[in-house]
Every structure is written in C-alpha cells, then in structure tokens.
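*Asks:* Before we start, here is the structure in question, set down as structure tokens.
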Amino acid sequence: MIAPRVKSVAMHAALAAAAMVVLLPVLWTALAAFKTQIALLRGDALFAPTLANFHELLFSRSSDYFAHFANSLVVATLSTALVLLVATLAAYSMVRMRWPPAVPALVLGFSLVFHMIPPITLVGPWYVMARALGVDDTYAALVLAHLTLHLPIGIAVMSVFVRDVPFELEEAARLDGCTTPQLLRRIVFPLVRPGLAATGILVFVFSWNEFAVALTLTGRHTATIPVAIARFAQEYEIKHGVMAAGAVLSVIPAILLLLFAQRSIVKGIIAGVGK
Amino acid sequence: MATAASGAARREGGAWRWLTLAPAATIYIALAVLPIANLVVMSFHDIRWADGIARWSAVGFRHYAELSRDPLFAAGLRNTVVFAVLAVGAEMVIGFVLAQWVSRAGRAEIVYRTVFLLPILLPGIVIGAIWKLMYNPDFGVVNQMLALAGIAGRDWLGDRALALGSVIAVDVWHWTPFVFLLLLAGLQSLPQDVHEAAKVDGAGTWTELRYVTLPMMLPTIAVTFAFRLIVSFKVFDEVYLLTGGGPGTATEVVSFTIYRRFFTEDRMGYGSAISVVVLFLLALTIVLALAATRRARERAAS
C-alpha cells in the first residue's frame, strides 16, 4: 500500500509546482507595483513597500487612469448587455421556431468560423466604416465592434441553455394566452439565467481585456485600460513600477469573478467550445 | 432521443420567428459579412484619406503581386506556423498531464482549477506586461532565478535566437489552462466503469492510458487541438507588448504584419490584401481541421 501513497504525494507535489508557475508571475508583478524604481532595478527581495507607483498612476498630472477605467466599464457593460439580449433572442428563434434546418446551421456555422477569425483582419474595414460615418473615437464604434466579436460565443452558449428550457412550460403559458414577448420575458429569460450569468461574465471579461480592436478604434477620449497599459510600456522612458501598478488594478474585476463565479465561467467556456 | 424530442417541440412563431433572429442576422451581415466583402474590394485599391473622405484608386492585382515578394509577410507567415505548432503542441501535452492529475486530485480539484483558470481571464496586454518585467535582462526574475543556479542570464526578448521561443513560452503560460479545462471536462465525462474494468483486468497506469483513456479522449483532443491551432493565428497583444515583432523579424506574426501595414504605414489597400490571404489560409485550415476531427470522432465510435 506504500506505492500508491508515494505516487499520490508526488502527483500533488507536481500539481502544486504547476500552480506556483501560474501564480508566481502574477504575484511578482503585484510586488513590483509596490517597489520603488531603485528597489525594482536592484531586484531586492526585501523592500519597503511604497504606494508611489499607484499615486503616480492615478493622480499625476498626465494620468487618465480613472477615465480609462470608466471607458472600459462603459464599453464592457454595454456590449455585454447587448450580446446577452441579441444572442438569447437568436438562440430562442433557432432552437424553438420552425426554421428550415439550413438557417440555424448557417447561423451556428458562421458563428463558429467567425469566432476563429483574428479580429485584426476586420479592424481595417471597421476603421474605414467608423471614419466614414464620423464615429471613430466614440463609445458606439467600440461597443458595436465588441458586440460583433462576442456575439458568436453568446449565441453558441445561449443555444445550449435555451435548449434546456422545458417546452411543456412554454405550451402551458401559451394556452393561458401568453404572447411571444410575454413568454420571453416571463419564462425564457428567467429560466436561462444561469446561461446569462455564464455568457455575461465571459463576454464582460473578454471585452474588458480586448486590445487589438480597442487600439485601432479608440482615440484620446475612449481609450480603454489595455490601450493605456500598452502606452505605459512604450511612451515613457519605461516606468516599470507604474506599468505594474496599472496591470494590478486592471485585473481586479477578473480576479473577483474568478473567486465568486468560477462555476459559471467554466460552464461558459465549455459550452462555447466543447459542443 | 433528445434531439428528436426537441425537433418536434417547435412552433411556427409567425412574425416573431423573424423578429427574434433579425438583430443577430443584421449584426452579422452589416458588421461581419459586409466588412469581409469590403476587405476584398479594398485589397484591389489604394486608399488615401483627404479631409475625412476616403479616396479610392484601383490598382488591380498589384497588392497581391507585392505580397508574394514581401519579406515581412513571409517571415510573419513562417513564424505564425512555427508559433502555432510549437505553442499548441506544448499546451496539449502539458494540459493533458495536468487534466489527468487534477481528475484524480479529489477535493483539491477545485483549488487547482481556480488557480489554473487565472491566466485565461487576464488581459493579453497585462500578460505581456508581466512577462516583459520577468524577462528583463537587468532585473527580471527569470535571470535572477538562473543566477541562483549559477547560470548566466540572457536577453530573452532582445536575442534573435531566443525571442520567438520566449514569446511561445508566454503563450503556453497563457493558454495551457484553457486546454486543461476542456480536457478535464472530457476526462470527467468518460464512463467510470471503463476505468474500473481496466483496473479489474490488472491494467497498469500506462496500459490504461494507451488503450482506454487516449482512444476514448481522441475526439475531445482533436477538437481542442484544432480549435487552439486555428485560434493561435489571433496572437497579437503579447507580441505587441513584448517585442513588436522584433528583433528584426524574429517574432513577426501575420496579425502584426496586418496591423503594421494597415495602421502604422497607413497602407489600407495593401493591409487588406494581406488580411484576405490570411483569411483564405485560415478557411483552408478550418476545412482540413473539420475533416480531421470528424475522422477522429468516427474512429472513436468504431
């Protein structure tokens, strides 16, 4: 009986080591955010923590971090809400209405392929469109772009959840005289709430993190946090500590969601790909 | 059975059948299909902005001719393929091993799963920032660790021979958790009695892995591999922050070539031509991948 125990201990040791490989870079960066430039450059393991980097990030005269944070919040919230609404309606239509089979096949097939296309290939035409319409550097342009980018995963995940809504319930409601909008509001949307949570969290995080499109469609007024962090790494005579501080603050939403909504995230990722 | 039942449970829906699908269809057509079509048209033109108005002049196939001789595009394509194969290969192997272990970890599973989920949720730009600090030749923690072991530090992102490998390592750190998650879900949906039957027959760990687990996991492995391989063409954020495609063309990838030609050099027509070719190559890869995953599924079923 000794061999299995030794094996199990070795396995847990290896897993713990892998967990360290994941965690240490993040922790090291978090520590770097509290170091002075000198402590950072010397590579001190022991140091007197300072809030100077955060102070410079948030309150220096050239800082716009709060504005960038607000931009990210607006864009991610609006695009997530729109994805949830549009995707759930589309999923309902495809799963519960009598379409010729080619229609849902086309929509789902296009979603799958579109999800795999590099966003950078679409940014060009989007930019030309936005500029021709005079909406570059507005929330509308980035929100619409993020809605388009994340609609495929929304439709894929919501289709899985809409399929699980008991059809008998719908029939009963209909016999009671429910119209389609009432049915959607009172039965479908409430019953797919776990799906909305899973999709909403994923889409919010993806939108919050998205860089390539935000870089090209935003300007001074609408730049989101990733764009701001990228600028830290380039424009200045690189201020490593400030960049680390910006990175640390930007991942707070993701870490909160990871701690409190892990189940939803896993469900969403698996439903989105592992069909 | 389930599909047959849900197939029957459908309604005509009348106007609402159209109204519910219309928003998604409109967005797909206006913001995905038309822009892709526009990309093709743009690729045959030179486009200049004058007073906020785009001026187009037709150039025929000139951009496509130029593209075939563009050293940057060639390097981007080569690096993207190397990047995709090496990064995704490593992610599959490490992800599978971790999934195997975690599926046997009992109550600790939730802890490991939470930790391993973290990189998927971080912004690519932040991951770039993290590793830019870690790889720093003067004070980065990578060289510090090596120094502890008495090994001389290297300039991980500035050395031509090392840069692509360094970027690949970051991608492996970023995306192995995603592979791990899908494979873990696959492992946990395998019927348990098969494992017990293998135990009863006295199969060792390796025999079970070779003759039971791997064949049954083949469809999941194939889908995950194909998906990651195709999606790895998207890589942009980390390269943007870590190396900007350099040194020289050592880490130039196609996404970055498109960005550079289109936005940095303001050559919209030419950038579009590169996009069109990349989309065409991707479509080809997707068709091949679908065929391969279908075969894997048939093999597992027989």
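The values are calculated or read from the model by the stated rules, or taken from the named source; none is laboratory data. All values reported here derive from a predicted model rather than from experimental measurement. Methodologically, a virtual Cβ is constructed for each residue, glycine included, from the backbone with ideal geometry; neighbour enumeration extends over all protein chains shown.
*Asks:* Within region B:257-271, is there a residue that is more than 8 Å from chain A (Cβ to nearest Cβ), aromatic (Phe, Trp, Tyr) and in contact with a His (Cβ under 8 Å, 6 or more places away or on another chain)?
*Replies:* Within region B:257-271, one or more residues are more than 8 Å from chain A (Cβ to nearest Cβ), aromatic (Phe, Trp, Tyr) and in contact with a His (Cβ under 8 Å, 6 or more places away or on another chain).
*Asks:* Suppose we filter region B:175-211 for residues that are among the acidic types (Asp, Glu) and either surrounded by 12 or more Cβ atoms within 10 Å (Cβ to Cβ) or within 27 Å of the chain's Cα centre (by Cα) (or both); how many remain?
*Replies:* Of the residues in that region, 1 qualify.
*Asks:* Also: Of all residues in region A:221-275, how many are in a loop (DSSP other than H, G, I, E, B), more than 10 Å from chain B (Cβ to nearest Cβ) and at pLDDT 85 or above? Working first, answer last.
*Replies:* Applying the first criterion (in a loop (DSSP other than H, G, I, E, B)) to region A:221-275 yields A:221-224, A:235-239, A:251, A:261, A:274-275.
Subset that is more than 10 Å from chain B (Cβ to nearest Cβ): A:221-223, A:235-237, A:239, A:261.
Restricting the remaining residues to those that are at pLDDT 85 or above gives A:221-223, A:261.
Residues in region A:221-275 being in a loop (DSSP other than H, G, I, E, B), more than 10 Å from chain B (Cβ to nearest Cβ) and at pLDDT 85 or above: 4 in total.
*Asks:* Among the helices (runs of 4 or more DSSP H) contained in region B:51-150, which hold 2 or more residues that are crowded, with 21+ Cβ neighbours inside 10 Å and within 11 Å of another protein chain (Cβ to nearest Cβ)? Spell out the reasoning first.
*Replies:* On the way: elements: B:62-68, B:71-103, B:109-121, B:124-135, B:141-148.
It comes to B:71-103, B:109-121, B:124-135.
*Asks:* Determine which member of the set B:Thr257, B:Thr251, B:Thr224 is among the β-branched types (Val, Ile, Thr), crowded, with 20+ Cβ neighbours inside 10 Å and assigned to a loop (DSSP other than H, G, I, E, B).
*Replies:* Residue meeting the stated conditions: B:Thr251.
*Asks:* If you don't mind, another one. Has region A:198-219 got any residue that is hydroxyl-bearing (Ser, Thr, Tyr) and either over 30 Å from A:Val162 (Cβ atoms) or facing chain B (nearest Cβ under 8 Å) (or both)?
*Replies:* Looking only at region A:198-219, we keep the residues that are hydroxyl-bearing (Ser, Thr, Tyr), and these are A:199, A:207, A:216, A:218.
Those still in the list that are either over 30 Å from A:Val162 (Cβ atoms) or facing chain B (nearest Cβ under 8 Å) (or both) too: A:216, A:218.
Yes, some residue in region A:198-219 is hydroxyl-bearing (Ser, Thr, Tyr) and either over 30 Å from A:Val162 (Cβ atoms) or facing chain B (nearest Cβ under 8 Å) (or both).
*Asks:* Also, quick follow-up: Select from region A:117-147 the residues that are polar (S, T, N, Q) and facing another protein chain (nearest Cβ under 9 Å) and list them in ascending order.
*Replies:* Result: A:Thr121, single match.
*Asks:* Something else about it: List the helices (runs of 4 or more DSSP H) that sit entirely inside region A:4-116 and contain at least 3 residues that are of a type in the set (A, V, I, L, M), closer than 30 Å to A:Pro181 by Cα and within 8 Å of chain B (Cβ to nearest Cβ).
*Replies:* A:65-96
*Asks:* So which residues in region A:164-195 are of a type in the set (Phe, Trp, Tyr) and touching a Leu at 6+ places or on another chain (Cβ under 8 Å), if there are any at all?
*Replies:* The answer is A:Phe189, and nothing else.
*Asks:* Only one of these conditions is not met by B:Ala169: (1) in contact with a helix residue (DSSP H, G or I) (Cβ under 6 Å, 6 or more places away or on another chain); (2) at pLDDT 95 or above. Which number is it?
*Replies:* Of the numbered conditions (1) in contact with a helix residue (DSSP H, G or I) (Cβ under 6 Å, 6 or more places away or on another chain); (2) at pLDDT 95 or above, the odd one out for B:Ala169 is (1).
*Asks:* Quick check on region B:111-133. Is at least one of its residues in contact with a Phe, Trp or Tyr (Cβ under 7 Å, 6 or more places away or on another chain) and modelled with pLDDT under 90?
*Replies:* No, region B:111-133 contains no residue that is in contact with a Phe, Trp or Tyr (Cβ under 7 Å, 6 or more places away or on another chain) and modelled with pLDDT under 90.
*Asks:* Mind checking which residues of region A:148-170 are crowded, with 24+ Cβ neighbours inside 10 Å, within 10 Å of chain B (Cβ to nearest Cβ) and of a type outside the set (Val, Ile, Thr)?
*Replies:* Selection gives A:Leu149, A:Leu151, A:Pro152, A:Gly154.
*Asks:* Out of all the residues in region A:33-51, is one or more at pLDDT 85 or above and among the acidic types (Asp, Glu)?
*Replies:* No: zero hits.
*Asks:* Kindly evaluate B:Val41 against the criterion of being surrounded by fewer than 19 Cβ atoms within 10 Å (Cβ to Cβ), in a helix (DSSP H, G or I) and more than 7 Å from chain A (Cβ to nearest Cβ).
*Replies:* Yes, satisfied.
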